[in-house]
Each structure stands twice: as structure tokens, then as C-alpha cells.
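Worksheet: one structure, shown below.
The values are calculated or read from the model by the stated rules, or taken from the named source; none is laboratory data. Small disclaimer: the values here were computed from a predicted structure and weren't measured. Cβ placement follows ideal geometry from the backbone for every residue including glycine, while neighbour counts extend to all protein chains displayed. Accessible surface is based on the protein model in full, side chains and every heavy atom, while ligands, DNA and RNA are left aside. Shrake-Rupley method; radii C 1.70, N 1.55, O 1.52, S 1.80 Å.
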Amino acid sequence: TIRPARPGDEPHIREICYETGFLGRPTSEWIDVNQALFTDFWLGYYFKHEAANMYVAEIGGRIIGYIVGCYDTRRQHHYMHSGFIVDMGKGFLVFKYRFGVKTIAMLWRLLMDGIRYGYPRIPWREYPAHAHYNIRTGYRGAGILFALWRPFIQRGHDMGILRANGLIVMTELDLKKHYSGLYSVFDSRRTTAYANADPQPLFLVSVILDMHKSDPLL
């Protein structure tokens, strides 16, 4: 069942986000950050400002996936440069967040990546919508991702917003593939953010999606 998220779903959405935060695997295999900090970074904006654009996949009463989205990325950018900083500051003041040396090292690598490689360009003005999604291990590859995308795309159609952007981590092999009919690669840059846990070359890749070309998903 794919349905709009309800307030009571928040703990399950956060759990899935944390369980899949390292390229589909548990975040703890990558960095030493607690669930509150990690999921507030990835989901805080949507819980606060995009509750109408959150959907979950449910099987037998268990939530096994989610998609959260935004149809105007400028709103998220505004939050990340204002409200997010305030919310993070409050969280640290009350000792809500915890992190360790692995997280500090990852942030340092990200900073160095920006100097050495730069970050992918994202055409959020021309492709204003975006979505963030995750699915529990054991339920992937069964059409659940497409099922989660359908209500997001349908609402975009209803609003006249037919273009979306995204940011994905890819291997070198994945980057060479063609994704016609799903999305197209816009820009890519090398990343060492995951070097402590995955030695293979990885890339941060910005992608674009023309949602009207994905009508079969509806």
C-alpha cells in the first residue's frame, strides 16, 4: 500500500533513513553520528515544511519505504541557510546530537573534495522539484520505488511542475550507463566522503528528470 505519511509514521521514516544512510546500508558502517542528527539533516525540512509531499510504502502494517519531496527547491535552500542553522544550534545546546571522529573526518574530506573537484552543478531553477527516498533491505527491486514515485509525479502533473532534479552517489560503472526514460546525468564530481568505508571510486552525480516522460509510472 502506498499512502500519504501520517504524524505517527515519523519514527519509522527516520529509522529507515538511518538504516539505509550508507549507500543503502546502515549509517553506522560509515560514520559515528546518532540518528537524531543524521535524520534531522536529511528529513527535518520535509517534516517541518513538506508534510503534504510525504508518502510511505506499507506491507502488512509495516512501513518499508518512503519518499519525501519538494516542488520548489528554492524553499529548501532558504531553510538550509536559515531555519536549519537555528534548529541545529538548538539541538546541540540541549545535547540532542552526538557525533565522533569518523564524522569529523568525513566532513573534512567533503571540504577537500570541494577544493579539489568542486561539487556537481544542480539546475534547480529549470528543474525545480526534487525528492528523497529510501527502501528497507529485502524489499528493493520489486517495483516499490516506482510505486512511491507515482503520487509525487502525479501531484507534480496537477501543479504543472514536470521537471525534477536529484543528487545520487554512483560508482564509475554506474556513471557510464545510460538512463534514458528514467533520468539523465547533468553533472558529476569525484567524492571521497565514503572513502573510510568503501575504497572504490565514487561520484556525486546530479541528475534531471522530465516527469512528463515518465507517464508510464502513473
Charged-residue dipole, Cβ positions (Lys, Arg, Asp, Glu), the chain about Cα centre, Debye nearest 20: 160
Dipole of the range 65-218 [Lys/Arg +1, Asp/Glu -1 at C-beta], most positive-end residue of 127, 194, 212: 194
Gain on full stretching of the segment that runs from residue 102 to residue 36 - 0.36 nm per residue minus C-alpha separation: 22.1 nm
Selection from 34, 110, 20, by position along the positive dipole direction of the chain (Cβ): 110
Å² of accessible area per residue within the chain, as computed with a 1.4 Å probe and no ligands counted: 54
Theoretical gain in end-to-end length, residue 154 to residue 140 [0.36 nm per residue, Cα-Cα removed]: 2.8 nm
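Which value at 222 nm does the chain reach when only helices count, each DSSP H run of 4 or more adding -39,500 (n - 2.57), with the total divided by all residues and rounded to the nearest 500 deg cm²/dmol?
Numbers: 7 runs with 81 residues, N = 218.
Helix-only estimate at 222 nm: -11500 deg cm²/dmol.
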Residue range of the chain that is longest and free of trypsin sites (Lys or Arg not before Pro) which are both DSSP loop and sparsely packed (at most 15 other C-beta within 10 Å): 1-95
Length gained when the stretch residue 200-residue 173 is fully extended (0.36 nm per residue, less Cα-Cα span): 8.7 nm
Sorted largest first, extent of the range 97-218 alpha carbons per principal axis (Å): 45, 34, 33
Percent carbon-and-sulfur accessible area, the range 81-139, ignoring ligands, DNA and RNA, probe 1.4 Å: 68
Efficiency of FRET between residue 52 and residue 119 - r from beta-carbon atoms, R0 25 angstrom, step 0.05: 0.25
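According to the Cα gyration tensor, what semi-axes, each the square root of 5 times an eigenvalue, does the equivalent ellipsoid of the range 48-143 have, listed from largest to smallest in whole Å? It would help to have the intermediate numbers written out before the result.
Values: eigenvalues 143, 85, 68 Å².
Largest first, the range 48-143 gives 27, 21, 18 Å.
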Pairs of Cα atoms farther than 14 Å apart, the range 94-139, %: 74
Cα gyration tensor shape of the range 1-92, rounded if a/c is under 1.5, else prolate or oblate by comparing a/b with b/c: oblate
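Mind listing which chymotrypsin sites (Phe, Trp or Tyr not before Pro) in the range 36-105 are in a DSSP loop and have 13 or fewer other Cβ atoms within 10 Å? Before the final figure, lay out each step's value.
On the way: sites: 38, 41, 42, 45, 46, 47, 55, 66, 71, 79, 84, 92, 95, 97, 99; in loops: 71, 95, 97.
Sparse-neighbourhood loop chymotrypsin sites (Phe, Trp or Tyr not before Pro): 95.
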Debye intensity ratio I(q)/I(0), log10, the range 1-53, q values 0.25 Å⁻¹ (C-alpha model): -0.99
